[in-house]
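Colleague: This is the structure I want to talk about, given as structure tokens.
The values are calculated or read from the model by the stated rules, or taken from the named source; none is laboratory data. Quick caveat: nothing in here was measured; it's all calculated off a predicted structure. Because the Cβ atoms are built from the backbone with ideal geometry, glycine has one as well, and the counts that use them run over all protein chains shown.
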Amino acid sequence: MRKLLIFILAMAAYGAWDQYHEAQPVAATAGAHNEIIMYSLTTCGYCKQKGRELKAAGIGFTEYFIDRDADRREELNRKLEQSGLPPQRYGTPIMDVRGTMLPNNPSLDVIRRYMGET
């Protein structure tokens with residue numbers, strides 16, 4: 001029984017860590033560009049919050065809603081695959097910062113780093 005309890009606690013701790021750690025950005029092989037693209041869902045509170053953060057920081061971006069635009073969803077999945085990331089396994093928003101894919105709602109500091117500001 002004690003081993004089972006330890007196993008359950010270890011799995012819960014891993015699940016919490018896995019959910020909250022910041023994903024490592026992976027450079028896209030689709031080619032560099034000068035844009036910042038945010039792939040969002042219309043129902044995503046994190047996406048709305050990230051959009052407000054970017055606007056408040058004076059960072060221009062283009063937002064695509066992948067739950068309304070199948071072409072943009074396919075584009076996102078293609079970029080993820082080209083980056084070596086399995087598609088459809090990330091939380092939104094997913095950022096494409098000048099050709100670098102940043103999944104799982106990256107922080108503003110990470111976005112700035114890939115913009116070349118730090």
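Colleague: Anything in the range 72-99 that is surrounded by 20 or more Cβ atoms within 10 Å (Cβ to Cβ), among the polar types (S, T, N, Q) and under 12 Å from the mean Cα position of the chain (by Cα)? List them, or say none.
Modeller: Answer for the range 72-99, where residues must be surrounded by 20 or more Cβ atoms within 10 Å (Cβ to Cβ), among the polar types (S, T, N, Q) and under 12 Å from the mean Cα position of the chain (by Cα): just T92.
Colleague: Check D18 against each of (1) at pLDDT 55 or above; (2) surrounded by fewer than 10 Cβ atoms within 10 Å (Cβ to Cβ); (3) not small (G, A, S) and name the one condition it does not meet.
Modeller: (1)
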